[in-house]
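The values are calculated or read from the model by the stated rules, or taken from the named source; none is laboratory data. These numbers were taken from a predicted model, which means no experiment stands behind them. Glycine also receives a Cβ, built like all others from the backbone with ideal geometry; neighbour counts cover every protein chain displayed. Keep in mind that these areas ignore ligands, DNA and RNA; they rest on the heavy atoms of the full protein, side chains included. Shrake-Rupley method; radii C 1.70, N 1.55, O 1.52, S 1.80 Å.
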Amino acid sequence: VMSALKTKSYRVAPPRRQVLFGGLLGILLSVNAFACPICLDMPKETVADHLIRGEVVVLARENAAVPFTYSLVEVLKGESPTRPFGLFVDSATRRRLSINHDEAVILVEAKDGTWKRLGIADKDYQQVVKRILLFSEQWSVKGDLQHRHQFFLSLFGHRNQSISELAYLELGRAPYATIRKAAEFVSRDDLRPILETRQYFAWRPLAILLLA
């Protein structure tokens, strides 16, 4: 009689975390399988790298006397420049600076004397830039990468998009153990812009790793 009985088979539900990871991975692989013309690549160097390596770092705004050119506001690193920056102030930057008078553009001079624009910074971002420069020797000369990772981890999910993006990119270069530690308190809301905005498609693997 017992041999005639059919044995029921049961499927064990996968752990919730596994289901979440599978779902997120499915989204990553299924959305926009073709090349995205407006997507942002994961940069090999962050703003912090450029700040640390730069010979001179300044804050600048449009020169009121000579439109579409920059004038010095504040020197953050190195000697005060004696020559024009040789950079053009585009129309979008002009409009933004004309509205937000407490904002400035971060400019960095490389060893070859050329200047590079690192973006517009409000007061919060300017303070972050100054702190990066304060810790630059500790990070680059003494090699205290743990302190660097912890610094940017504290900025994760910042309300300022530029700061939040910088923290995200810095965390993406951290050791796996640091990323797993960050995953303990990073919320989906912190990662929502990365997961839901098309232009961040190439940035999503780290977000999925944090939520898996």
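Annotations
- Enumeration of residues in segment 74-88 that are farther than 19 Å from Ile132 by Cα and of a type outside the set (S, T, N, Q): Pro81, Arg83, Pro84, Phe85, Gly86, Leu87, Phe88
- Members of segment 175-212 found to be farther than 26 Å from Ile120 by Cα and either touching a residue at least 60 places away in the same chain (Cβ under 8 Å) or open to solvent by less than 40 Å² (accessible area, probe 1.4 Å) (or both), listed by number: Thr178, Ile179, Ala182, Ala183, Val186, Pro205, Ile208, Leu210, Leu211, Ala212
- Taking the criterion of being open to solvent by 20 Å² or more (accessible area, probe 1.4 Å) and not in a helix (DSSP H, G or I), the residues of segment 161-174 that qualify are Gly172, Arg173.
- Condition check for Leu134: open to solvent by less than 20 Å² (accessible area, probe 1.4 Å) and over 27 Å from Ile194 (Cβ atoms): no
- A count restricted to segment 54-70 and to residues that are closer than 22 Å to Leu133 by Cα and either of a type in the set (Gly, Ala, Ser) or in contact with a helix residue (DSSP H, G or I) (Cβ under 8 Å, 6 or more places away or on another chain) (or both) stands at 5.
- Filter result for the condition that a residue is outside any loop (DSSP other than H, G, I, E, B), more than 20 Å from Lys44 (Cα to Cα) and over 13 Å from the mean Cα position of the chain (by Cα), over Ile132, Ile120, Ile106: Ile120
- Qualifying residue in segment 142-149 (condition: at pLDDT below 90 and not in a strand (DSSP E or B)): yes
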